[in-house]
Amino acid sequence: QVQLVESGGGLVQTGGSLRLSCAASGSIVDISAWVWFRQAPGKQREMVAGITGGRNTNYADSVQGRFTISRDNAKNAVYLQMNSLKPEDTAVYYCNANLLQYRGSYYAQYWGQGTQVTVSS
């Protein structure tokens, strides 16, 4: 059974930094892509940053230049370094992995449980 576990959320002041982590466990053969999403109260879930197996990255315009996504294939993990945080970054952050399980025949998406990030003004 695949499980994604996030950590690193918390309360930080405007201008501060946080580093989110997400680790996948289970019988995993390959993770083709990781994506971080976030959802603020009353808003739709939105993509924040993504990274492929070839370490190509893309970011939402709202976080470009402030957030950095990275991955550690040996640990089946992804990270999101968030700098210069703003109150509008306040949301529950979710990691998403597109992965292939051992003896699986196709890639499927899995989600973490979410971690709260709160930026105070």
Quiz item: Quick check: is even one residue across the range 54-66 over 19 Å from residue 112 (Cβ atoms), out of contact with any helix residue (DSSP H, G or I) (no Cβ under 7 Å at 6 or more places or on another chain), at pLDDT below 95 and of a type in the set (Gly, Ala, Ser)?
Solution: yes
Practice problem: State all residues of the range 6-17 that are open to solvent by less than 30 Å² (accessible area, probe 1.4 Å) and either within 10 Å of residue 79 (Cα to Cα) or assigned to a strand (DSSP E or B) (or both); if no residue qualifies, say none. | Solution: 6, 10, 12
Quiz item: Which residue out of 64, 39, 3, 81 is under 15 Å from the mean Cα position of the chain (by Cα) and surrounded by 15 or more Cβ atoms within 10 Å (Cβ to Cβ)?
Solution: 81
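The values are calculated or read from the model by the stated rules, or taken from the named source; none is laboratory data. What you are looking at is a predicted structure, and each value in this text was computed from that prediction instead of being measured. Ideal geometry is used to build each Cβ from the backbone, glycine not excepted, and the neighbour counts take in all protein chains shown. Surface accessibility is based on the protein's heavy atoms, side chains included, excluding ligands, DNA and RNA. Shrake-Rupley method; radii C 1.70, N 1.55, O 1.52, S 1.80 Å.
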